[in-house]
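Data first, discussion second: the structure below is written as structure tokens.
Nothing in this text is a laboratory measurement; each read-out follows from the coordinates by a stated rule. No experiment lies behind these values; they were computed from the predicted model shown. With ideal geometry, Cβ positions are generated from the backbone for all residues, glycine too; neighbour counts draw on all protein chains shown.
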């Protein structure tokens, strides 16, 4: 089992949903970066369940930094954070009935029955909490360099938000919203989620992620393209099943003359008149805002009866998933996509400019 992301700044994830602690290690980060624990709490609060649209499992996320920080600044040594699991209910997972669209079956086979399956174990979305905690440190360091990252719900059911405009301004708008949307569609999205919940079901959506201020030249061609490393990170989030950069699949509908981003000089800089490619050419940032969309599947844990298998009895059964689950993860996943993107961008900037760039 490999749990490491990145090459210069690496993230290592550990723990399971119902064990005593979950946590992560961030290695290779510059020394001298200010660590704002209040900002970490702020980002964790964005991920935390807070309304009827979320799971009933509420954790306080009382994180503890146990290495890599001294007198409020990073030391350059591995930065380790742990978060206790304080609200577990393992009795919901006594039976070895595999849940449809979960990792239960593949985990059972791959790890020969030894994996902790309670609450999804190591596959659980609970492990995104330490990603957010460490990503918040990266996000703050990037902000200080004039690089801004944000995520919002672009689509949920029949409801659609506006696309990113000025990302820096939009991020400030999103920062004050429980349901992260740019326009005033919070109540409509809440209704979509609650409707699914009332029907013992769940609902998915599309998340849009934007990055403003990334300099030209970050990334590489071929196997380490900026799209590739971002996609690799985003697909580590269990609910993400698709990604597109810029116009994405809409490129297939038109001609080159309709889709090419023409260049011009503006304010003494080379820019593109449009941003159909989402800020990336040849796997490398071109200085325009980086925009990508993520398809997020409906939460697979639903109370509706479904067909499944009891692994111990080796027989077909009906299952209604127990436990406490989100009818939609698209609200809480925004903090995760933002912070994980920040970690990837810190890694890419460190590869290009060196370890002290973020200081």
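Structure data summary
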| quantity | calculated |
| --- | --- |
| In degrees, nearest ten, helix 128-144 long axis to first principal axis of the chain (Cα) | 10 degrees |
| Degrees separating the helix 37-47 axis from the principal Cα axis of the chain, which is the longest one | 60 degrees |
| Contour excess over end-to-end distance, with Cα ends at residue 269 and residue 232 and 0.36 nm allotted per residue | 10.2 nm |
| At R0 = 25 Å, FRET efficiency that the Cβ-Cβ distance of residue 67 and residue 295 yields, to 0.05 | 0.10 |
| Virtual spin-label span in nm between residue 176 and residue 305, 7 Å along Cα→Cβ | 4.9 nm |
| Peptide ranges 191-204, 257-270 listed from the most packed, as the mean C-beta count within 10 angstrom indicates | 191-204, 257-270 |
| Alpha carbon convex hull of the chain, volume per residue in cubic angstrom | 146 Å³ |
| On Cα atoms only, tilt of 186-198 relative to the major axis of the chain in degrees | 20 degrees |
| Distance (nanometres) between label positions extended 7 Å along Cα→Cβ at residue 109 and residue 3 | 2.3 nm |
| MRE, 222 nm, helices only [DSSP H, n ≥ 4, -39500 (n - 2.57), over the chain, to nearest 500] | -7500 deg cm²/dmol |
| The chain: relative contact order as a whole-number percent, Cα under 8 Å and 6+ apart | 24 percent |
| Two-site FRET efficiency, residue 183 against residue 45, from Cβ-Cβ distance with R₀ of 30 Å, rounded to 0.05 | 0.85 |
| Overall form of the range 109-244 per C-alpha gyration tensor (a/c, 1.5; a/b vs b/c) | oblate |
| Length added when fully stretched, residue 37-residue 198, from 0.36 nm per residue minus Cα-Cα | 54.2 nm |
| Peptides 284-293, 132-141 ordered by average Cβ neighbours within 10 Å, highest first | 132-141, 284-293 |
| Relative intensity, log₁₀ I(q)/I(0), of the range 242-359 from a Debye sum that treats every alpha carbon as a point, q = 0.10, 0.13, 0.17 Å⁻¹ | -0.57, -0.78, -1.01 |
| Cβ-Cβ FRET estimate between residue 241 and residue 357, R0 fixed at 45 Å, reported to 0.05 | 0.85 |
| Gain upon complete extension [residue 318, residue 168; 0.36 nm per residue less C-alpha separation] | 49.1 nm |
